Amino acid sequence: MVMVTSAITEARVRELLQNVKDPEVPAISVLELGVVRAVEVKNDSVLVTITPTYTGCPAMDVMKQDIEKELHDAGIADVRVQQVLSPAWTTDWITTEGKAKLKAYGIAPPEHTADIRALKGELPVVECPHCGSKNTGMISLFGSTACKALWKCNACLEPFDQFKCL
Amino acid sequence: MSQQEALFTYCLRQADDLLILSHRLSEWCGHGPVLEEDIALTNRALDHIGEARNLLTYAGQVEGKGRTEDDLAFLRAERQFVNTKLVEQPNGDYAFTIARSFLFDAYHLPLAEALTKSSDAQLAAIAGKAVKEAQYHLRHSSDWLKRFGDGTEESHRRAQAALDGLWTFTGELFVQDDLHQGLVKAGVAPDLIAIKASFDETVDNVLAEATLKRPVDGFMASGGRQGKHGENMGFILAEIQYLQRAYPGAKW
Ligand SMILES: [Zn+2]
């Protein structure tokens, strides 16, 4: 049996976390989603701090399990995943790469929250992830998961999910 | 009552409002008038239950007797639930469900905003998550209320009847008893006079756009915060608690 006993580093853990996908949007990793707030390595133990996207998001428990499994499978025995609420997650923490992957996956990425006040008034201009048209309209504020709204493209007539700005 | 006991009860008041409303909204699952609304209401139920879970977990920590969120949700008796009577009202028609959520949202959003400045760090953190979701909730219920009010004669009539029927349950949201006032002094809870002002403004603006009349303040129902509920509450708890009562400690 060959055991690789190289020292665990934060960089190595982050590399592994890139393999852990959002169970509801498997196109992006937990890192790209911006839910990983900290990775601490002490000797052989790893502490990963995550923050929930939506308060009641059922995917959080799955993400926690998936993170533990990924690190265990890589030979890290002592793994702890803790959840913190503050500061509250915002879609601004989705990385640029993550946003590009969302779009390629068919989900319109969120706008920047700087204009969250516009929530109460005007809708954002959302580009259709299928054909790129900006001639789109919202069908419902609530979509297939807590984080998405349902939109429709008036150009190609396809419906699509939009990652809600939060 | 010690500050610790007051904080425990305050967490339960908020948690129970959210838990019971969440249960009511979840009753629409599979019965929504259109698919999008079925999804919207279950999403809202999920947001509410998420916040309720955070608050119940914290209540258990504050109490310090080892009770978990599940113990508090599944193993308290009816008289120990301190939600307002507003949230336990049966769903009725869709206008009634929307009006009930609108009245709650118009209270919940400014409450969550104010609680982000609470001297209690955990309450502030929980509210910090909730406030963003509450903006979506209020927008959703406001949009539908406007559509009903400014829609057909029938939808207008039903929306107005819903508001008229629910108005008596709004007073209880803003009652500040000794417990609450103590927490206001400690900077933990916001003064509900300010929350009421924001509620009034939202209600007036949305109802004006919806061409609906604001009901006149009359008799206001009370008792929910003291654990004295209407006849509906027992049925709700029977459904929520049945499994844990019949099979204590059951897990899946
Ligand atoms: Zn298109």
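FYI, it's all coordinate maths here, none of it is from the lab. Because the structure is predicted, anything quoted here is derived from the model rather than measured. Virtual Cβ from ideal backbone geometry, glycine too; neighbours counted across all protein chains shown.
Here are some notes:
- Size of electric dipole in chain A: Cβ of Lys, Arg +1 and of Asp, Glu -1, about Cα centre, debye, nearest 20: 360
- For the stretch B:189-211 versus the stretch A:37-76, the gap between their alpha-carbon centres in whole angstrom: 41
- Residue with peak Gaussian network fluctuation, chain B [Cα springs, cutoff 10 Å], from B:Y58, B:Y107, B:Y242: B:Y242
- Under 5 Å between amide hydrogens, built in the peptide plane, is the criterion, and for A:K148 it picks out A:G143, A:K164 among residues at least 5 positions away or on other chains.
- Cα-based radius of gyration for the protein assembly as shown, normalised by 2.2 N^0.38 Å, reads 1.04.
- Antiparallel content of DSSP bridges confined to the protein assembly as shown, in %, to 5: 65
- 5 angstrom amide H check on A:F160, placed H, neighbours 5+ away: A:W151, A:K152, A:C153
- The Cys residues in the protein assembly as shown with no partner Cys Cβ within less than 4.7 Å of their Cβ are A:C57, A:C147, A:C165, B:C11, B:C29.
- Subtracting the Cα-Cα distance of B:D217 and B:C29 from 0.36 nm times their residue separation leaves 64.4 nm of extension gain.
- Virtual spin-label span in nm between B:Q226 and A:K134, 7 Å along Cα→Cβ: 6.0
- Relative to the longest principal axis of the Cα atoms of chain B, the long axis of helix B:121-149 lies at roughly 20 degrees.
- Average other protein chain Cβ within 10 Å of Cβ, residues B:118-127: 2
- In degrees, nearest ten, helix B:94-115 long axis to first principal axis of chain B (Cα): 50
- Working from label points 7 Å from Cα in the Cα-to-Cβ sense, the B:Q61 to B:M1 distance is 2.2 nm.
- Considering only alpha-carbon pairs that sit under 8 angstrom and 6 or more positions apart, the relative contact order computed for chain A is 17 percent.
- Intensity falloff of chain B expressed as log10 I(q)/I(0), Debye formula with alpha-carbon point scatterers, at q = 0.07 Å⁻¹: -0.22
- Highest-fluctuation residue, B:T42, B:T152, B:T57 considered, GNM on chain B with Cα pairs under 10 Å: B:T152
- With a 10 Å cut-off around each Cβ of A:135-148, the average count of Cβ atoms from other chains is 4.
- Over chain B, relative contact order from alpha-carbon pairs under 8 Å, at least 6 apart, %: 25
- Peptide A:85-94, shielding by other chains (average Cβ, 10 Å cutoff): 4
- Using alpha-carbon coordinates, inclination of helix B:192-210 to the longest axis of chain B, degrees: 30
- Inter-part distance where the stretch A:125-160 and the stretch B:117-135 are each reduced to a Cα centre, Å: 30
- Relative contact order (%) - the stretch A:91-163, alpha-carbon pairs under 8 angstrom, separation at least six: 26
- Taking 26 Å as the straight-line reach from the Cα of A:K103, the lysines in range (excluding those fewer than 8 positions away in the same chain) are A:K21, A:K64, A:K120, A:K134, A:K148, A:K152, A:K164, B:K129, B:K132.
- Both radii were evaluated on the Cα set of the stretch A:8-166; the Rg over Rh quotient, with Rh as the Kirkwood radius, amounts to 1.03.
- Choice from B:V87, B:V62, B:V34 showing the highest fluctuation, given a GNM over chain B with Cα pairs closer than 10 Å: B:V34
- In terms of packing, defined here as the mean over residues of other Cβ atoms within 10 angstrom, the peptides B:129-140, B:155-166 line up highest first as B:129-140, B:155-166.
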